[in-house]
Amino acid sequence: MSPHDLTNRLKTRAAELGFALAGVAPADRPPGASRLDEWLAAGYAGQMQYLADRRDAYHDPNLVLDGVRSVLMLGMPYRTAEPVAAEPGQGRVSRYAWGESDYHTVIRDRLHELADEIRQLSPEAKTRCVVDTAPLLERDFARQAGLGWIGKNTLLISKPASDGPAGSYFFLAGVLTDVELAYDEPFAADHCGSCTACLDACPTDAFPQPYVLDAKRCISYLTIELRDHIPEELRDGLGDWLFGCDICQDVCPWNNKATIATDSPYEPLEGMNPVDLPALFDMDDAAFRERFRKTPLWRSHREGLLRNAAIVLGNDPTPAALPALVKGLADVHPLVRAACVWALGQFDDNAAMAALRSRVGVEEDEQVLAKLTS
């Protein structure tokens, strides 16, 4: 089978599997490799040390799959329902994490079907499936595969077309193979123009300049990747975001025409759009595992999610949240206790102050105690 015929078969199969975007790029050094080096040198990666640790692989796809020649890049839409405004005591979750399953699992299973297709048609082929877990610059390869351009908010944006989605509400994934496929033309244009909506809307000023993200200030990083205390100067900017953030996508004009996903795994579960925050403080490790183990929220771990919940409750104090925050003062994890100390300090309430004073004599963690007595 010729590279052209094989590629067409794979793209047809990808569409059947729910991938609305499909394109092929050569497995060369990605154009963004030097920008990655500059970004890491600027310290914008925060605690994501794994990015620097795998720098060589980001530069050379052969370190991801030996002998790789082609990268089949794919996009799967995840926009479903519209977000419901959070009321006091509730927190918002990024759209991609509303569903019943972790997108990694959903997409990986379908990628393996594509890989099987490659090996059926080319039995000696080697493949590797990637869903943002391997050291691959997906957005660079997606642009090289003709899927779209990298916007000022650093996300890949697809232009409306008869055979593909618009906007940025889609997951990127890829199949690497040592088989030669027919390569698509890179997407050369940048359709952001003079628009700065995404940059202007970011409440934590996470974009030091267009096309550059300082992850240390990004709400998604702060609520998911950060394993430490959220810097106090950034807490107000979190607003009501419990997990992730969609602000820079919500304001993007290209997402006015974003494709609606039809896959049920991405439909919001009851209680996820938005989430009741006080109830989270009643969850021990077993309950947390039962509710979130198969969802993206598992990545924050219980202590991270409760830390986030406390910050959101402190940003919009409501009396109904007081019992949960007081309970959080005795949580097993100091990260949760410290966040609850801060949150209760935002209340103009005698009960909140009394709870804080009563904790001073029993708190053993030095960092939490310092926050209690500051």
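The values are calculated or read from the model by the stated rules, or taken from the named source; none is laboratory data. Since the model is a prediction, treat every value here as computed from it, not as a measurement. Quick reminder, even Gly has a Cβ in these numbers, built from the backbone with ideal geometry, and neighbours come from all protein chains shown. Accessible surface is based on the protein model in full, side chains and every heavy atom, while ligands, DNA and RNA are left aside. Shrake-Rupley method; radii C 1.70, N 1.55, O 1.52, S 1.80 Å.
For the stretch 173-196, a tally of residues being part of a strand (DSSP E or B) and at positive phi returns 0. Restricting attention to the stretch 272-309, the residues being out of contact with any Lys or Arg (no Cβ under 9 Å at 6 or more places or on another chain) and within 19 Å of S94 (Cβ to Cβ) number 14.
One residue stands out among those in the stretch 68-113 that are assigned to a helix (DSSP H, G or I) and basic (K, R): the one that is surrounded by the fewest Cβ atoms within 10 Å (Cβ to Cβ), which is R108.
Considering the stretch 267-286, the residues that are of a type in the set (A, V, I, L, M, F, W, C) and assigned to a helix (DSSP H, G or I) include one that is nearest to the chain's Cα centre (by Cα), namely L280.
The set of residues from the stretch 213-234 being open to solvent by 30 Å² or more (accessible area, probe 1.4 Å) and in contact (Cβ under 8 Å) with a residue 60 or more places away in the chain comprises L213, K216, S220, E225, R227, D228, H229, E232. Only one entry in N315, N308 is crowded, with 20+ Cβ neighbours inside 10 Å, in contact with a helix residue (DSSP H, G or I) (Cβ under 8 Å, 6 or more places away or on another chain) and touching a residue at least 40 places away in the same chain (Cβ under 8 Å), namely N308. Looking only at the stretch 1-53, residues that are among the β-branched types (V, I, T) and open to solvent by less than 50 Å² (accessible area, probe 1.4 Å) come to 2 in all. For the stretch 54-67, the set of residues classified as exposed (fewer than 15 other Cβ atoms within 10 Å of the Cβ) and in a loop (DSSP other than H, G, I, E, B) consists of D66, G67, listed by residue number. Filtering the stretch 335-348 to residues that are part of a helix (DSSP H, G or I) and either crowded, with 18+ Cβ neighbours inside 10 Å or in contact with a strand residue (DSSP E or B) (Cβ under 6 Å, 6 or more places away or on another chain) (or both) leaves L335, V336, R337, A338, A339, C340, V341, W342, A343, L344.
Applying the condition of being open to solvent by 20 Å² or more (accessible area, probe 1.4 Å) and small (G, A, S) to the stretch 168-188 and asking which residue is farthest from P265 (Cα to Cα) yields A188. Of the residues G244, G237, the single one that is on the phi > 0 side of the Ramachandran plot and either open to solvent by less than 30 Å² (accessible area, probe 1.4 Å) or out of contact with any helix residue (DSSP H, G or I) (no Cβ under 7 Å at 6 or more places or on another chain) (or both) is G244.
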